[in-house]
Amino acid sequence: MALKFLSRHKVFNQGPPDLEEAIRRFLGKGRKQDNNSSSNNGNSGNNGNNHGGDHNNNGNNNNEPPRKDDNQRKSIYSRSADQKPLPVKKIAIGVVAAAVIIWAGMGVYVVQPAQQAAVLTFGKFSSIEGPGMHWHAPGFVSVIKKDVEVLNTIKLDKQMLTSEENIVHVSFSVQYRIANLEDYLFATNNPELILRQALESAVRQVVGENKLEKILTTSRTQITLEVQKELEKLLNKYKTGILVNEVIMQPAQAPAEVKSAFDDVIKAREDRERVQNEAQSYANKVVPVAKGRAQRIMDEARAYQEKVVLEAQGNVANFSQLLPVYQQNPSIIENQLYYQTMENIFKNNKLYIVDGDGAKNLFYGDKLSPLAISSTVQGG
C-alpha cells in the first residue's frame, strides 16, 4: 500500500518537498483523520448489520471518483513538479556583489584639513595620510585620525623651593600641538601625562636654580625661556611627538603667610626704581647741556690759545726785525716801544687829564691818539 501510495503521488519522480508543501500536507492529513473518526463514531451501530453491504461497497471503492483531499494533494505535488528551479548561482553572485560593495563603501574615510590619519595594517603602523579622501580595507586596516594643527593648553599651579630654600607660588601655561603623529600614538602610552610631568620637572629645576627676588621681579622672561628649553629637551628624549608652541609664566607670588611682608618689599623696590628712573631722566636732561657747555669752553680756550700763540709769534718776529735798528740807535726804538705800550694801555680805558698844578682844568677823553697824548704830556 505504501509503494502504491508513493507511486500514485509521483514521489519517486520529485525532489524533497519544500516547507510550504510539507505544512499543507500535514494540515490536510490532520483534517482527513478528524473526518474519518467522526464518520466512524456516527456509523458504529450500522457496521455490525451491514457487513455484506460494506463488503460490496468496498469492492466498488476503486470505481469511485477521487476525493477532494486526494485532488488537493495531487495538485500540490503536481505543481511542485512543474515549477522551475531557482537561479541559485545568480542569487549567490548578487549577494556576494552587494556584500563587497558595502564592505568597500565602509572603507572610505575623509581626513580634514587640520588632521592627519595613522594607518594600521593588521594592528601595525604602516603610513601617515594627509588631508583628503582615502580608502582602507575594513577588517584588515584601521585608521586613527587626530588634529595636528589645533593648539592645546595645559596649566601648572604649584608651590616650589628656590635656591635659597624659600617657598614661592608659580603658575605656568603651555600651548602645544602634535608634531609627529606616529610617536604621539605609539612611542608612549600617555603623551599628555608625560608632558605634564615633564613641565613640572622643568619648572622645579629652573626655579630651584634662581633666587626668590629674581623670580618675583626681574627674571620672569629668563625663567620662561629656560623652562621652555628644558621642557623641549625632555619631550624629545621621551619621543612624545609633541611640539611646544609657547610657554607663559604668570607673576609669581609669595606664600600667603608672608605675603604682606613681600608686598612691602616689592613696594619699596618699586619706589626705588621710580626714584632711579626720575634721577636718570634728570641726568639725561642736564648732562647733555653741561657737556655742551664744557665743550664750548674748551673750544674757546683752544681758540684763545691759538690767538695768544700767534700774537706771541708775531711779536717775536717784530722784535727780531727791530733788533738791528736797536743795536744802531737804541733811543729811537725805546721811544717807539714806549708809545706802543701806552697806546695799548690807554686805547681801551677812560682817561682823565689834569692840566696845571691847581687842577682847575679837567679834560676828559675816551680814546686819545698817541700824538695827543704826546702833546699833552709835553705841555704838562
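The values are calculated or read from the model by the stated rules, or taken from the named source; none is laboratory data. It should be emphasised that the depicted structure is a prediction, and the values quoted were computed from it without experimental measurement. Methodologically, a virtual Cβ is constructed for each residue, glycine included, from the backbone with ideal geometry; neighbour enumeration extends over all protein chains shown. Remember, those area values only see protein heavy atoms, side chains included, never the ligands or the DNA or RNA. Shrake-Rupley method; radii C 1.70, N 1.55, O 1.52, S 1.80 Å.
Structural remarks
- Cα gyration tensor shape for segment 235-291, rounded if a/c is under 1.5, else prolate or oblate: oblate
- Here segment 165-288 was treated as a single set of alpha-carbon atoms; its pair distances binned every 5 Å from 0 give 2, 10, 17, 16, 13, 11, 10, 8, 6, 4, 3, 1, 1, 0 percent.
- Using alpha carbons only, the radius of gyration of segment 188-245 set against its Kirkwood radius gives Rg/Rh = 1.04.
- Spin-label model, residue 233 to residue 97: label points 7 Å out along the Cα-to-beta-carbon direction sit 6.7 nm apart.
- Förster-model FRET efficiency, 30 Å R0, residue 250 and residue 271, C-beta, rounded to 0.05: 0.80
- Cα centre as origin, Lys/Arg/Asp/Glu Cβ charges: segment 209-331 dipole, Debye: 180
- Placing +1 on the Cβ of every Lys and Arg and -1 on the Cβ of every Asp and Glu, with nothing else charged, gives segment 94-245 a dipole about its Cα centre of roughly 120 debye.
- With the convex hull of the Cα atoms taken as the outline of segment 150-211, the averaged projected area works out to 4.6 nm².
- Label-to-label distance, nm, for residues given as residue 312 and residue 338 (7 Å Cα→Cβ offset): 2.8
- Heavy-atom accessible area per residue - segment 125-197, 1.4 Å, Å²: 57
- Entry comment: accessible area of segment 291-331 is 89 Å² per residue, from protein heavy atoms only and a probe of 1.4 Å.
- Taking 0.36 nm per residue of separation and subtracting the current Cα-Cα distance, fully stretching the chain between residue 145 and residue 349 would add 62.9 nm.
- Sites residue 260 and residue 218 - FRET efficiency at Förster radius 22 Å, r taken between beta-carbons, to 0.05: 0.55
- Once you reduce segment 188-202 and segment 237-254 to the center of their Cα atoms, the two points are 10 Å from each other.
- For segment 106-177, the Cα gyration tensor yields ellipsoid semi-axes of 43, 14, 8 Å (square root of five times each eigenvalue, largest first, whole Å).
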